[in-house]
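The values are calculated or read from the model by the stated rules, or taken from the named source; none is laboratory data. A quick note: this is a predicted structure, and the numbers were derived from the prediction, not measured. Glycine also receives a Cβ, built like all others from the backbone with ideal geometry; neighbour counts cover every protein chain displayed. Areas reflect the complete protein model, heavy atoms only, side chains present, ligands, DNA and RNA absent. Shrake-Rupley method; radii C 1.70, N 1.55, O 1.52, S 1.80 Å.
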Amino acid sequence: VWLGLTRSRVYGPFMFAEKTVTGNTYLDMLEQFLEPQLISDDIMDTVVFQQDGAPPHFAITVRDYLTQAFPGRWISRAAPMMWPPRSPDLTPLDFFAWGFIKSKVYQVKINNIQQLKQRIRAAAAEITPAMLQKVFRSVEERWSLCLDVQGGHIEMH
């Protein structure tokens, strides 16, 4: 499952059909699912794309695409904007979205994969623009704290 967030919108969830996500399948999702939406929302040329260090994200074809699609505006390992490893307190997907979604999805026992997918979609749909505004205010505060300690360890509660 892939999910993206901006200050005002949730992109996805995107459910990969493959059992294993590769650089090629991840690139297909970026090109065929995400990019058309960013273009339609007229933010393709301004959005800063952030991803973690998962192996499919590090494929050369993916990095080449990100360099072309988000010139100087993508954050990851080996990116124009380096991302500190093991920094979940700095990413809204880690400190907010996945926990929120899991809290909704696992309230009741899941019987099959289709039910799991439906619950993930429903939980993601519950994330409102007002929630995103609050989350991104927190992102700015967290990044500011990180800058204050010159990239040192911070812990949020």
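Descriptive notes on the structure:
- Positive dipole terminus of the chain, leading residue within Trp74, Gln133, Phe95 (C-beta point charges): Phe95
- Each residue of the stretch 1-89 gets 101 Å³ once the volume of the Cα convex hull is shared out per residue.
- Each Cα pair under 8 Å and six or more residues apart adds its separation to the average, and for the chain the resulting relative contact order is 24 percent.
- Protection proxy ranking of 137-145, 61-69 - average other beta-carbon atoms within 10 Å, highest first: 61-69, 137-145
- Ligands, DNA and RNA are left out, and with a 1.4 angstrom probe the accessible area of the chain is 60 Å² per residue.
- Paramagnetic label reach from Phe33 (point 7 Å along Cα→Cβ; backbone nitrogen cut-off under 12 Å): within the stretch 96-134, residues 121.
- Across the alpha-carbon set of the chain, the Rg to Rh ratio works out to 0.96, Rh being the Kirkwood radius.
- Three-way shape label, the stretch 109-152, alpha-carbon gyration tensor, a/c 1.5: oblate
- Using C-alpha pairs under 8 Å with a sequence gap of at least 6, the mean separation divided by the residue count of the stretch 28-107 gives a relative contact order of 20 percent.
- All lysines inside 18 Å of Lys102 as judged from Cα atoms, apart from same-chain residues fewer than 8 positions distant: Lys117
- Rounded to the nearest 10 Å², the accessible area of Val149 at probe 1.4 Å: 70
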